[in-house]
Amino acid sequence: MKQLKAEFLFLCTLVSCNGQYSALNPAGSSAKIIADMFWWLFGIAILIWILFVVLEFYTVLVRPGPHKLNRTRFLVIGGGALFPVIVISISIYFSLSPLPVLVKAAPEGSLTVKVSGAQWWWRVKYPLGKEQEVELANEIWLPVNEPVQFFLSSEDVIHSFWIPSLAGKIDMIPGRTTKLSFTPTKTGHYRGACAEYCGTSHALMHLDVKVVERKVFNEWLEKQKQPAARAATPRSQTGEKAFVTSGCISCHTVRGLSTMGQVGPDLTHIGSRHRIGAGILKNNTASLHRWIRETGIIKPEVKMPAFDMLPVDEQKAISEWMEGLK
Amino acid sequence: MEEVKDRIRQEEEKRLNKAWRVPSGWRYWSEVNNSEVGMWYTVTSLAFFFFAGVLALLIRVQLAVPDNNFLTAEQYNQIFTMHGTVMMFLFAIPIFEAISILLLPQMLGARDLPFPRLSAYGYWCFLLGGIFVCGSLFFGAAPKGGWFMYPPLTTSYQPGVGADIWLLGLTFIEIASIAASVELIVGILKCRPPGMRINLIPIYAWYILVVAIMILFAFPPLIAGDILLEMERAFNWPFFDASRGGDPLLWQHLFWIFGHPEVYIIFLPSIALLATIIPTFARVPLIGYSWVVLSAVGTGFLSFGLWVHHMFTTGLPGISLGIFSAASQAVAIPTGVQLFCFLATLLIGRSVKAVPMLFAIGGLATFVIGGLTGVMLAIAPFNFQAHDSFFIVGHLHYVLIGGSVFPILAGIYYYAPIIIGKKLSDKLGKICFWLVLIGFNVTFFPMHASGLLGMPRRIYTYSDDMGVSTLNLISSIGAFILGTGFLVLLWDLLRPKGKLSYSERNPWKAGTLEWSMKIPDRMWGIRSIPMIKSRYPLWEQPNFIHDVDNGHFYLPDAAEVMRETLVTSTLDAKPVQCLRVPGPTFITHLAALFSGGFFIFATYHWWVATTISGILAMATIIYWLWTGSAWIPEKEEKDVGLGVTLPIYQSGPHAVGWWAMFITMLADLTAFISLIFGYFFYWTIQQNFPPEDSVGPGIFWPVTGALLISLSWLLTKLAKKLNNQDKAILFYGILLLAVFCSLAGALAFLAGPLKYQMDPTHHVYEATVWILVIWTALHAALGALMQLYCMARRLGKKMTAKYDADITNVSLYESFIAITGLITAMVIAGFPAAS
């Protein structure tokens, strides 16, 4: 088993240097259970397949001699019925016994995160004391070794919340709230993607997940709670002003500036995120500028119109200002 | 003496020839005989296979490298939707119906299937619907909701005509599929040769019987779902809109109640081909015949209880996950039995080397990989990761190509001598096999890895940091190797074969009945319908071919120059009727054209054209039935040879028409039960169902409706009796009363929701009541039309006291409608009152 796993992992590394999306690179309690289960199933499946093919070739190549009917009956009943019954009974027992753990809710008092899917991004909400929440988008941070409870919903069509390295996927269905809980076990940067076909840009709905120590997590959440700092330099003031006058605030909230926009992702701390556009472009001024100018080219049929009619300098000022919203 | 016999034989053949002559020139296309229709059907579904294959290559080009822009997102989404849709609905199901229509009569020693015009109608519907659905791609208007069409993406978020084309175009094709399955079931149950008792039925026919019955119960839930989804798209009835009480998951249930059996509907006929081919090359009868039959039946049953494993990630409770997980794994057991019966047959037998065997052996080895990953996926925890990832794409292609396409290729090489009279090339066959085998594995094996590395399905692009670029490039290279393999097959099929000599008779030395055909085959099919005493008559019945050829069995002659075949009893195959089947006609084309018009115009919401087309379709079908069914024969009985005299006309359970009605109504009732399932599904997921601010249809009108419809049924039964007693006046009177009751019942059902002004767009409750009421009312109205038809038949001297098939079948129809009416009333009036 170990040998097999090592060889396969070698093959994996050969084709992928980067395991941020990999279900075989588990960093969460659920993903670990499933990855271990996979290796067992994979090994057994290979064994059974080899057995079958050897048997198949034997039956084809063997010269027919006198055969006892009893022996064939043994083959059919033994190989066709008894063998699968035994294998499947064992497999049902071992594979379904972890199921309760996988679908169990996190203990009372655990961190809860609400995520809702929308075409084609993720709205993320962390609780702030009682009945208060802070809204973020497209990036989730989790403290390591602490159970987390996700509440998942959808704002339009069906999406599916999948961070392969941490846990299996759960669908986000309009009119329902689905749940997912697990414990991240390794710090690191992981990524996820929408797994349910959700329209034109389904391929461009990704998610960044950071698993960090509790202390780092607290610092991060504290920072995210704060409103955005007001623009201080003339250049950033130009950006901020253009952001308001161009109408961006009618869709996007930047806490401290305007909380009117609820349609699009919250941009209060956009500069602190790893990627923009729901996990598709590296976060830097150039990308932000490109996004403002070529929105629909980067992400077909996205709701946000391209703001290529703004003077180029204004586009640049906005992106520089946004990049500063750390 | 010999000379006289020879002359008699020649006279017989002349008459047979005349009866079964294929029209020439442009009238060729009016032929309805199974050999021609089956051939067109096969060629058409293969054409759709190649079309969808080209779409697959486009997909692989787009995914060959990261961030590719060979296709736009919009194009890619249309193409992957069409690839799945065409492969499933225009290739995988039709090809099995095509092969069965083509070969079953030969396997059963019948001259034709019982309803040749129904086969032809089904074919023309399939062709028309297929071209309509595929054509949309060239106008950029193709469906793009995936072959699974999940709402609400496909309701409010895709305003174009694409989703309507999918819903209506495919409903049209599904109806044609159900027509074909009715034909196949009745064919297998009633058109077997004398002596072919239930334990001697060819293994292929057993499988087809199982699969056709599965279609009967699997397609109607999808048709019901299609109706609901289209009602939401066209008229804003909120079946899947969560804000008005609807639920997107209802679609998923209905879709997968169809979709899972669908997998076995595709897989079992191909396994049936293997079960026919393997014994031939092993030169021994199939080992474990009854085991294989029971396994096929068992797989069919089980397949209806597994659909939830397509929904493991929708947040269902753990207990459902566990139960459906275990049930899904259990299906490996009957599958294992079938495979091991094949292995046992090969073990005992000689295994002659031949191209069909290559495909059979390669197919089994490939399929087992898909079966094993299938067992893995049935395990809910593993499914949480693998679901909707490329792992699934790998798995499903191993199952469908290994379990279905390989056996079909084996079948093409195996049956070529019967179908085109010539053997295909061994050399090209081998090249094709190796290219397909290697190309297939290179394409699809890496997908298991890319899925587990985090690549979701149905994405039009991916970035390099996903870490799946190399794997995808390998898959794309494999796809082109695979494509080359299919090109070789295409060349082998299409290359000019004029110089090639005809194959010898029974070139593979098979033991099954279809190989008693002369090559090239004669239009009349089998020379005389044999008495069967074995599963492998060519091996085990002495002098068999000689006796068939010399007309020593049944129906060696067509004395009245009419197309005739034998009908036998269901279980023990005792001859009960000499059935006359109708010949060439263009009426089926018109019927298909108008039925197609009905669905196609509805797609564009051209309601006037839709209505006109629907009425014309109805009129054409009535004309078709009027002229082409239940002919009153010139004599009661006829000598069919071997001293047996059989009636020419039958009604009731001995008649094929009665069976067709019964089977069709089972499918119809299944669609209705699916709608009822919807009602109770909403009830289980909602606190208040019916909601407080909704009004119901009351109790009076639904109950009145149900009583009137039931009364109409009783009156029809009475009218049937009066017809038998030749009391004409009373017959007309009572039947007229029945017509009145049917129509009044239909109106009474509609009156309930109308009187209480139920608004179907307000909440899913109102919409559900309306849909049940409309369904019932339409069926009752159709019943009235049928009752009028019976009156006209008697007036037109097409039906008499003795020859009463029409009223017998309508009475059967009415009994189903009475059940429908009673259930509707109980649900819409009784349920809210009781709860």
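Annotations for the structure displayed:
- Restricting the stretch B:721-738 to residues that are in contact with a Leu (Cβ under 6 Å, 6 or more places away or on another chain) and in contact (Cβ under 8 Å) with a residue 12 or more places away in the chain, the residue that is surrounded by the most Cβ atoms within 10 Å (Cβ to Cβ) is B:Ala738.
- You will find that of B:Leu711, B:Leu747, the residue that is of a type outside the set (Ser, Thr, Tyr) and closer than 30 Å to B:Lys797 by Cα is B:Leu711 and no other.
- Residues (assigned to a helix (DSSP H, G or I) and aromatic (Phe, Trp, Tyr)) located in the stretch B:508-527: B:Trp515
- The set of residues in the stretch B:528-551 being part of a loop (DSSP other than H, G, I, E, B) and touching a residue at least 60 places away in the same chain (Cβ under 8 Å) consists of B:Ser528, B:Pro530, B:Met531, B:Ile532, B:Lys533, B:Ser534, B:Arg535, B:Tyr536, B:Asn550, B:Gly551.
- The stretch A:288-326, residues that are aliphatic (A, V, I, L, M) and within 24 Å of the chain's Cα centre (by Cα): A:Leu288, A:Ile297, A:Ile298, A:Val302, A:Met304
- Screening the stretch A:70-120 for residues that are under 22 Å from A:Ile173 (Cα atoms) and of a type in the set (D, E, K, R) and picking the one that is farthest from the other protein chains (Cβ to nearest Cβ) gives A:Lys114.
- The single residue among A:Glu240, A:Glu219 that is touching a Leu at 6+ places or on another chain (Cβ under 8 Å), of a type in the set (Asp, Glu) and either outside any loop (DSSP other than H, G, I, E, B) or at positive phi (or both) turns out to be A:Glu240.
- Verdict on B:Thr512 being within 14 Å of another protein chain (Cβ to nearest Cβ) and not aromatic (Phe, Trp, Tyr): no
- Close pairs from the stretch B:314-342: first in contact (Cβ under 8 Å) with a residue 60 or more places away in the chain and more than 17 Å from A:Leu96 (Cα to Cα), partner surrounded by 24 or more Cβ atoms within 10 Å (Cβ to Cβ) and among the charged types (D, E, K, R), Cβ under 7 Å, at least 6 apart: B:Thr314/A:Asp171
- Qualifying helices (runs of 4 or more DSSP H) (wholly inside the stretch B:350-401; at least 2 residues being more than 8 Å from chain A (Cβ to nearest Cβ)): B:355-378, B:390-397
- Within the stretch A:157-166, the set of residues being facing another protein chain (nearest Cβ under 7 Å) and assigned to a loop (DSSP other than H, G, I, E, B) comprises A:Val157, A:Ile158, A:Pro164.
- Residue within the stretch A:167-183 that is assigned to a strand (DSSP E or B) and over 21 Å from B:His387 (Cβ atoms) present: no
- Condition check for A:Leu325: in a loop (DSSP other than H, G, I, E, B), touching a His at 6+ places or on another chain (Cβ under 6 Å), modelled with pLDDT of 95 or more and more than 20 Å from A:Ser201 (Cα to Cα): no
- Residues that are outside any helix (DSSP H, G or I) and under 19 Å from the mean Cα position of the chain (by Cα) within the stretch B:269-306 comprise just one, B:Phe304.
- In the set (1) within 37 Å of the chain's Cα centre (by Cα); (2) within 21 Å of B:Leu822 (Cβ to Cβ); (3) surrounded by fewer than 21 Cβ atoms within 10 Å (Cβ to Cβ); (4) among the hydrophobic types (A, V, I, L, M, F, W, C), B:Ile685 fails one condition alone, (2).
- The residue that is nearest to the other protein chains (Cβ to nearest Cβ), counting only those in the stretch A:257-285 that are in contact (Cβ under 8 Å) with a residue 12 or more places away in the chain and more than 23 Å from the chain's Cα centre (by Cα), is A:Thr285.
- Flag if B:Trp701 is more than 31 Å from the chain's Cα centre (by Cα) and surrounded by fewer than 19 Cβ atoms within 10 Å (Cβ to Cβ): no
- Any chance B:Ser181 is free of Cβ contacts under 8 Å to residues at least 12 places away in the same chain and in a helix (DSSP H, G or I): no
- Subset tally (residues that are part of a loop (DSSP other than H, G, I, E, B) and at the interface with another protein chain (Cβ under 7 Å from one of its Cβ atoms)) for the stretch A:184-210: 7
- Filter result for B:Gly187 (modelled with pLDDT under 95 and over 12 Å from the mean Cα position of the chain (by Cα)): no
The values are calculated or read from the model by the stated rules, or taken from the named source; none is laboratory data. Bear in mind the structure is a predicted one, so any value in this text is a computation, not a measurement. Every residue, glycine among them, receives a Cβ derived from its backbone with ideal geometry; neighbour counts consider all protein chains shown.
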